[in-house]
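The values are calculated or read from the model by the stated rules, or taken from the named source; none is laboratory data. Everything numeric here is computed off the predicted structure, so don't read it as measured data. Cβ placement follows ideal geometry from the backbone for every residue including glycine, while neighbour counts extend to all protein chains displayed.
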């Protein structure tokens with residue numbers, strides 16, 4: 001397993017300061033600070049119930065924080081709607097694959113490409129108009145190794161390929177920051193290796209923040225790791241640093257041993 005190097009000089013594109021969320025008196029997230037860097041993969045890990053998905057929902061504005069500030073590309077987005085945040089360059093995936101199963105792989109990517117060029121509101125125009133999106137769609141499919149599945153129904157893809165297609169549809173919005181929620185969940189070893197390599201390539205041109213339970217993947221591709229426990233940051237640093245922290249071992253295993 002090859003440990004990736006850390007580059008502390010890359011620019012910060014997404015920050016959270018003092019981020020907190022309460023639900024009817026229960027504090028789910030408390031005083032979380034994050035710096036996500038361009039062209040780096042940042043993992044958010046922790047045991048079940050640590051608050052990882054809640055932090056994701058706060059960053060992408062599916063939840064409004066009780067306190068704290070979120071900044072994207074230098075702009076305060078703390079009170080911004082999720083659709084506006086997406087257009088500003090912060091795009092996410094979800095734990096459940098979200099593709100149109102009865103459309104082909106190409107058609108799924110073309111649907112995603114309609115918004116950037118304004119075609120998503122021109123439903124009265126002929127379908128043939130979408131052909132002008134084929135060149136950009138084909139480039140995305142080539143970049144993510146999906147060219148051979150171009151005309152395949154999305155519903156007929158393997159689970160791993162569906163997740164790759166979902167990444168392709170998020171990249172159609174040309175995000176500066178890509179948030180991936182458990183991208184390896186439910187995959188076999190071969191698919192995990194394939195998707196990990198794709199995420200590594202995707203991160204060459206944008207920031208990636210991912211929630212992931214597969215620690216082998218985290219060790220292999222992530223530059224920085226933040227460990228959450230009970231909604232608070234327990235440890236952070238490169239994987240070797242957090243893996244050696246006895247508090248992290250206790251959080252995952254129940255004892256320092």
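Structure data summary
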{"item": "Among (1) over 17 Å from residue 146 (Cβ atoms); (2) modelled with pLDDT under 95, the one test that residue 232 misses", "result": "(2)"}
{"item": "Identity of the residue in the range 147-161, closer than 15 Å to residue 111 by Cβ and within 23 Å of the chain's Cα centre (by Cα), that ends up surrounded by the fewest Cβ atoms within 10 Å (Cβ to Cβ)", "result": "155"}
{"item": "Hey, residue 42 farther than 27 Å from residue 250 by Cα and either surrounded by 16 or more Cβ atoms within 10 Å (Cβ to Cβ) or in contact with a helix residue (DSSP H, G or I) (Cβ under 9 Å, 6 or more places away or on another chain) (or both) or not", "result": "no"}
{"item": "Yes/no for residue 177 being out of contact with any strand residue (DSSP E or B) (no Cβ under 7 Å at 6 or more places or on another chain), buried (at least 20 other Cβ atoms within 10 Å of the Cβ) and either in contact (Cβ under 8 Å) with a residue 24 or more places away in the chain or under 15 Å from residue 52 (Cα atoms) (or both)", "result": "no"}
{"item": "Some residue of the range 180-198 being in contact (Cβ under 8 Å) with a residue 24 or more places away in the chain and in a strand (DSSP E or B)", "result": "yes"}
